[in-house]
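Trainee: The structure follows.
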Amino acid sequence: MKKYLFLLLCLLTITMAVQAQDVLYLKSGGTLEVYVKKVTGSLIYYSATPGSPQRFISKSKVERIVNQRGREQVFKEKRKSRETLADAHNVLTLSPLNLLIFGRHSGLGIGLDYERFIGARHLISVRVPVYAGITSTEDVTYDYMPYEEGVFAWTAPGIRLHWLKPTSKADLATGISVTVGNVNHTYYPNDGNLTSNTDEQFLFTAVTLDNDFTVYSKRKVAFGVHTALGPMFGDFGGGKWMVQIGLKLGRKF
């Protein structure tokens, strides 16, 4: 009788040992009944049976563990840290107002500027802006057609060096740009007859020293001022200076 009781007790112990497993509740909705060996910083090591090879699963895939005694270990997702200005490498800005001087011509223009930072320290960036503007001036050279209007379109790709830290809410940059553009001039006569006008097309180039000062809000919205100054080359404005002062409004992303 004692022999049968001993065998029954052993059988119950083995059955309870087999059934007493840890349960992994997965975020996908499934479960794994396993034997958890250890939990590290990012991994959970387990085995299917007490003597089987050890495996592992990423903690990010597991919602909680219920061990053999019914205790739970819940894994909460870590909140993503808020991105800083240093995490954003692109800036897109609109220049709603630009004061332009091309030699003896002056006027107003608008522009759109894309800038890309190179490297984690944000020391260097490249920029590709496009601008358009309208000018009008009195030309004392032509007595019979003294009044002219011009439509400008140009781009000024360049490279810039940034002086402040990428985490700073302000940015101070200096660089060099090469300006290439086109201007369409329309000359009107003195007699007021707007139908008897003359159109001329000019290409122009310039090399300018650029300076930017930008302030960023908490949402990475950019406000700033852009300036450019440099000599012009070619038939239009050759030997004279190109000057640009503009406002900036955009966002870093």
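Trainee: Can you pull out the residues in region 51-87 that are assigned to a loop (DSSP other than H, G, I, E, B) and either surrounded by 10 or more Cβ atoms within 10 Å (Cβ to Cβ) or touching a residue at least 40 places away in the same chain (Cβ under 8 Å) (or both)?
Mentor: SER52, GLN54, ASN67, GLN68, PHE75, GLU83, THR84
Trainee: Confirm whether ASN184 is more than 27 Å from the chain's Cα centre (by Cα) and either in a loop (DSSP other than H, G, I, E, B) or at pLDDT 90 or above (or both).
Mentor: No, not satisfied.
Trainee: Any idea how many residues of region 208-225 are surrounded by 21 or more Cβ atoms within 10 Å (Cβ to Cβ), under 14 Å from VAL91 (Cβ atoms) and β-branched (Val, Ile, Thr)?
Mentor: The number of residues fulfilling the criteria is 1.
Trainee: So which residues in region 70-128 are at positive phi and either at pLDDT 95 or above or in the same structural domain as VAL39 (by TED's automatic domain parsing) (or both)?
Mentor: GLY70, the sole residue that qualifies.
Trainee: Every residue in region 225-248 that is in contact (Cβ under 8 Å) with a residue 60 or more places away in the chain and assigned to a strand (DSSP E or B), please.
Mentor: Matches in region 225-248: HIS226, ALA228, MET232, TRP241, MET242, VAL243, GLN244, ILE245, GLY246, LEU247, LYS248.
Trainee: If you don't mind, there's one more thing I want to ask. For region 20-42, name all the residues that are under 43 Å from the mean Cα position of the chain (by Cα) and surrounded by 15 or more Cβ atoms within 10 Å (Cβ to Cβ).
Mentor: LEU24, TYR25, LEU32, VAL39
Trainee: Evaluate the following for GLY192: is it surrounded by 14 or more Cβ atoms within 10 Å (Cβ to Cβ), modelled with pLDDT under 80 and on the phi > 0 side of the Ramachandran plot?
Mentor: no
The values are calculated or read from the model by the stated rules, or taken from the named source; none is laboratory data. Computed from a predicted model, the values in this text were never measured in an experiment. Cβ: placed from backbone, ideal geometry, glycine included. Neighbour counts: every protein chain shown.
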